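The values are calculated or read from the model by the stated rules, or taken from the named source; none is laboratory data. Small disclaimer: the values here were computed from a predicted structure and weren't measured. Backbone-built Cβ (ideal geometry, glycine too); neighbour counts: all protein chains shown. Heads up: the accessible areas ignore ligands, DNA and RNA and are worked out on the full protein's heavy atoms, side chains in. Shrake-Rupley method; radii C 1.70, N 1.55, O 1.52, S 1.80 Å.
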Amino acid sequence: MKLNVVQPDEAGRPWYADGLKFTCSQCGNCCTGGPGFVWISREEIVRLAEFLKITPEETVEKYCRKFDGRLSLRERRTREGLYDCVFLKEQEVPTAEGGSPQSVPLRRKMCSIYSVRPLQCRTWPFWTSNLASPEAWDRAAERCHGMSHGNRTFTQEQLEAIRDSKDWPQNPPTSAPKKG
Ligand code: SF4
Ligand code: SF4
């Protein structure tokens, strides 16, 4: 099995030692594509249930599927043959981005549970697999246009802390900037 290990430079520093840029635009690309898993813990289900104003049991029944003893969010097959996360929904883009109040509001698919999305989503794109090499980072950036873009740079310490986080920060530093 090939492990995703970070290749250090001659000085022993990881390739991202000077930091990496990332600014999420909430384009939703990382919430669709081929079939996959968005793992969700019991604690996260309780938070999600509170957000949805239903019980944790209903949340599991309606929005989760079991695989290998773990729970993952369900997916929805689109007409184009993609697999959307069940919480990826068409919504009105906030006015500051969608244009003047008089113009026709823009609509696009966005995460409908953004404030309580699971840790897996909160730690993107600083996953071990993406940090394994510049090539792996660039491959992921082909679909996630927030990577290597914008004016937010994460230092090595910051991005490794996100990569390794096990808890659930209320306002993760990877969140999309507030609009308006
Ligand atoms: S929970 Fe939200 S951010 Fe995570 S995959 Fe689903 S739609 Fe995307
Ligand atoms: S993380 Fe990347 S792909 Fe996902 S919504 Fe943000 S900019 Fe788009």
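Starting from 0.36 nm per residue, how many nanometres of slack lie between Glu142 and Lys21 once their C-alpha separation is accounted for?
Full extension of this stretch gives 42.1 nm more.
Please work out how many pairs of lysine residues in segment 20-164 are eight or more positions apart (or on different chains) and have Cα atoms closer than 26 angstrom.
Eligible lysine pairs with Cα atoms under 26 Å apart amount to 10.
Please list 3J(HN,Hα) in residue order for segment 118-130, calculated via the Karplus relation 6.51 cos²θ - 1.76 cosθ + 1.60 where θ = phi - 60°; whole Hz, with x for glycine and proline.
Per-residue couplings from phi come out as x, 3, 4, 6, 5, 9, 4, x, 8, 8, 3, 5, 6 Hz.
Say each of Arg152 and Arg77 gets a label point 7 Å from the Cα, pointing the same way as Cα to Cβ; how far apart are those two points in nm?
3.6 nm
Over the alpha-carbon set of the chain, work out the extent along each principal axis and list the three values in angstrom, largest first.
Principal-axis extents of the Cα atoms in the chain, largest first: 52, 48, 33 Å.
Skip the ligands, DNA and RNA, and give the accessible area per residue of the chain with a 1.4 Å probe, whole Å².
Per residue, the chain has 63 Å² of solvent-accessible surface.
Using the per-residue mean of other Cβ atoms lying within 10 Å as a proxy for protection, in what order, highest first, do the peptides 51-57, 159-165 fall?
159-165, 51-57
Taking all protein chains in place and a 1.4 Å probe, what share, in percent, of the accessible surface of the chain do carbon and sulfur account for?
On the way: 5950 of 11320 Å².
Summing carbon and sulfur atoms, their accessible area is 53 percent of the total for the chain.
Amide H neighbours of Met110 under 5 Å, at least 5 residues apart or on other chains, H built in the peptide plane: list them.
Correct list: Lys89, Glu90, Gln91.
How large is the charge dipole for the chain, taken about the Cα centre, if only the Cβ atoms of Lys, Arg (+1) and Asp, Glu (-1) carry charge, to the nearest 20 debye?
600 debye
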